[in-house]
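Novice: Just dropping this structure here.
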Amino acid sequence: QMLVYEFMPNGTLRDHLSATCKRPLNFAQRLHIALGAAKGILYLHTEADPPIFHRDVKATNILLDSKFVAKVADFGLSRLAPVPDIEGKLPAHISTVVKGTPGYLDPEYFLTHKLTEKSDVYSLGVVLLELLTGMKPIQFGKNIVREVNTAYRSGDISGIIDSRMSWCPPEFATRFLSLGLKCCQDDTDARPYMAEIARELDAIRSALPEGEDLMSVTSMEISSSGTLTQSTSNSLITTTGEHFDISHASSSGVPSRMAMNPR
């Protein structure tokens, strides 16, 4: 017997955020990858039967197909979510040995050993911050959540935006980073649910202005059977107007799944 998986010719998300990547992702691509990953995890949390906590969401576990559609992979650490007890009450968490990847690990889960769907939310939040900054979660003694939070609170995020993006409208960058930071709050209850994350990312995508550069945009939908389907349409994405020119940026105006069969 053997397992056969879909080939992912574009490798992992981390490959494309690396400084050595020859064709960096633009903002629209990063946004669509974020939305695809959020929808994949949303399926795990709400459509899988029983629901699943991934427990190891990270950039190297988000694979990209030939059209850069995100696929959530590697269920080696996943756990089945709690189910209602005999009285119909649903436990709020799973008590388990802490496992995951440093930098992506939910701090509350680390301290309490209580795994919840919000643990995956924290991890995805770190991925969102990676997408816009290109930074690794932990590098040279710096933590991405602290670094981004400091810049965001200062009102100047231009210095942390990935300079390899050809354009990045400040209003969208601010909104994107704000969502990532909300996901990474220490207080589990203060974090949004995965459905809220997917809705906000979709709203940001819908608000992208029309302009000069034609880009193929892939939309992903989850069917009632849990299958992620894709449809491709053409969307005009602008490179003109107000945007981050990284070399001259200022603070003005800026304050799928794969075959999911976990064992």
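The values are calculated or read from the model by the stated rules, or taken from the named source; none is laboratory data. It should be emphasised that the depicted structure is a prediction, and the values quoted were computed from it without experimental measurement. So basically every Cβ, Gly included, is an ideal-geometry build from the backbone, and we count neighbours across all protein chains shown.
Novice: May I ask you to say which residue of E200, E196, E108, E147 is surrounded by 21 or more Cβ atoms within 10 Å (Cβ to Cβ) and within 20 Å of the chain's Cα centre (by Cα)?
Specialist: E108
Novice: Does any residue in the range 71-95 that is at pLDDT 70 or above come within less than 7 Å, Cβ to Cβ, of a residue that is among the hydroxyl-bearing types (S, T, Y) and in a loop (DSSP other than H, G, I, E, B) six or more places away or on a different chain, and which pairs are these?
Specialist: That search, which allows pairs on different chains as well, returns K71/S256; V72/S256; R79/T96; H93/T116.
Novice: A further question follows. Of the numbered conditions (1) outside any helix (DSSP H, G or I); (2) exposed (fewer than 15 other Cβ atoms within 10 Å of the Cβ); (3) not hydrophobic (A, V, I, L, M, F, W, C), S206 fails exactly one; give the number of that condition.
Specialist: Single failed check for S206: (1).
Novice: Within the range 7-24, identify whether any single residue is on the phi > 0 side of the Ramachandran plot and part of a loop (DSSP other than H, G, I, E, B), and answer yes or no.
Specialist: Scanning the range 7-24, I find at least one residue that is on the phi > 0 side of the Ramachandran plot and part of a loop (DSSP other than H, G, I, E, B), so the answer is yes.
Novice: Sticking with this one: Within the range 1-21, how many residues turn out to be under 16 Å from G36 (Cα atoms) and of a type in the set (S, T, N, Q)?
Specialist: 2
Novice: With the condition being closer than 17 Å to A19 by Cα, I'd like the helices (runs of 4 or more DSSP H) fully within the range 105-195 carrying at least 2 qualifying residues.
Specialist: In the range 105-195, the matching helices (runs of 4 or more DSSP H) lie at 117-133.
Novice: Restricting the search to the range 163-193, which residues are of a type outside the set (S, T, N, Q) and over 15 Å from the mean Cα position of the chain (by Cα)?
Specialist: R164, M165, W167, C168, P169, P170, E171, F172, D186, D187, D189, A190
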